[in-house]
1. With the other protein chains left in place, how much accessible area per residue, in square angstrom, belongs to segment 1-68 at a 1.4 angstrom probe?
2. Take the chain, compute every pairwise Cα distance, and split them into 10 Å bins from 0; I just need the percent in each bin.
3. Suppose R0 equals 25 Å. What FRET efficiency, 1/(1 + (r/R0)^6) with r the Cβ-Cβ distance, do Arg8 and Leu46 give to the nearest 0.05?
4. Calculate what fraction, in whole %, of the accessible area of the chain sits on carbon and sulfur atoms when a 1.4 Å probe is rolled over the protein chains.
5. With a cut-off of 8 Å between alpha carbons and a minimum separation of six or more residues, what is the relative contact order of the chain in percent?
Amino acid sequence: MEIPAAARREEVLTALDLDPKDASNWHEYWRAGGYQLPDSSIDRCLELDPRHCGARIDLGAALVVRKRYQ
């Protein structure tokens, strides 16, 4: 069962309030916002953890969808 978008965003905001230095929370915040680019939340995620595998994969996919290859 999928969580409604508004509820998901609320959960992610709660997670960020609890631990704003967790890169995964910032990754989830970006995902909950629809993978928008540019977006400071994915930047913050990779600033906190430059090797965050899930964020790198999702960012790569988002760039390819937008035909931003460089």
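The values are calculated or read from the model by the stated rules, or taken from the named source; none is laboratory data. Everything quoted here is computed from the prediction, not taken from an experiment. Cβ atoms come from the backbone with ideal geometry, glycine included; neighbour counts cover every protein chain shown. Protein only, heavy atoms only, side chains kept; ligands, DNA and RNA dropped before computing areas. Shrake-Rupley method; radii C 1.70, N 1.55, O 1.52, S 1.80 Å.
1. Result: 70 Å² per residue.
2. Answer for the chain: a P(r) of 22, 50, 25, 3 percent.
3. It comes to 0.75.
4. After summing per-atom areas, the C and S share lands at 54 percent.
5. On the way: 51 pairs, mean separation 17.2, N = 70.
Normalised by residue count, the contact order of the chain is 25 percent.
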